[in-house]
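Notes for the one structure printed next.
What follows is calculated from the coordinates using simple rules that are stated; it is not laboratory data. Here the structure is a predicted model, which is why all the values come from computation and not from measurement. Please note: Cβ atoms are built from the backbone with ideal geometry, for glycine as well, and neighbour counts cover all protein chains shown.
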Amino acid sequence: MSGLSFSGIAIFALALAVAAFAPGPGIAAIVGRVLGRGRDGAVAFVSGMAVGDVVWLSLAVLGLAVLAETFHEVFTLVKYAGAAYLLYLAVKMWTAPAAARTLEPVATRESRSKLFLAGLAVTMGNPKTMVFYLALLPNLVDLGHVDMLAYAELSLVTLCVLAVVFGFYIVLALRARALITSPRAVRLVNRGSGVIMAGAAVAIAAR
């Protein structure tokens with residue numbers, strides 16, 4: 001198995017990093033969640049988003065864009081389910097207590113599996129992700145003859161790049177959150193985070 005050339009991997013990683021860093025519903029969901037709830041559950045949420053990217057990558061590599069169109073209703077259902085869960089999170093953030101103690105990790109831990117599925121739904125509800133892979137991959141590899149090594153390389157690079165990008169936004173949001181100390185500021189952050197999360201939900205549903 002030959003895999004990809006170093007230049008091909010570098011081009012793919014750079015293009016993916018640029019696309020991932022660009023603010024969008026997914027990034028808004030990450031920032032809004034971390035601002036409102038802290039680091040608790042953030043890893044599970046972004047892990048779901050990253051796995052969703054690998055799923056879209058796999059569909060593009062396997063040439064199953066037609067299959068995605070065939071099961072359009074399924075992807076639509078996933079999209080709205082993800083948007084609905086983001087709205088649920090938005091309401092929880094908006095109504096969270098305004099005491100300064102909310103800056104600490106919440107005592108009641110949210111279900112990691114639900115957060116993972118919510119992150120997965122955020123990415124799976126965005127067909128533009130597959131369009132990105134379909135537009136980029138043909139210039140790097142023959143999609144009709146992708147070997148297992150090339151696929152593994154693409155998947156690993158995707159996960160690594162997204163880990164860096166999502167990690168950057170998590171740290172950025174945590175630093176901003178740490179500056180908030182007064183109950184009034186906490187209330188504003190909670191409600192602002194709720195608005196950001198709701199906006200992400202609407203953007204995803206409207207795609």
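Structure summary
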item: Separation of the LEU62 and TYR80 label points, Cα + 7 Å toward Cβ, nm; result: 2.6
item: Per-residue HN-Hα couplings for the stretch 163-172 [Karplus 6.51, -1.76, 1.60; θ = phi - 60°; Hz; x = Gly/Pro]; result: 4, 5, 5, 5, x, 4, 5, 5, 4, 4
item: Those residues of the stretch 1-36 whose amide nitrogen sits under 17 Å from the label point placed on ALA152, 7 Å along Cα→Cβ; result: 1-6, 9
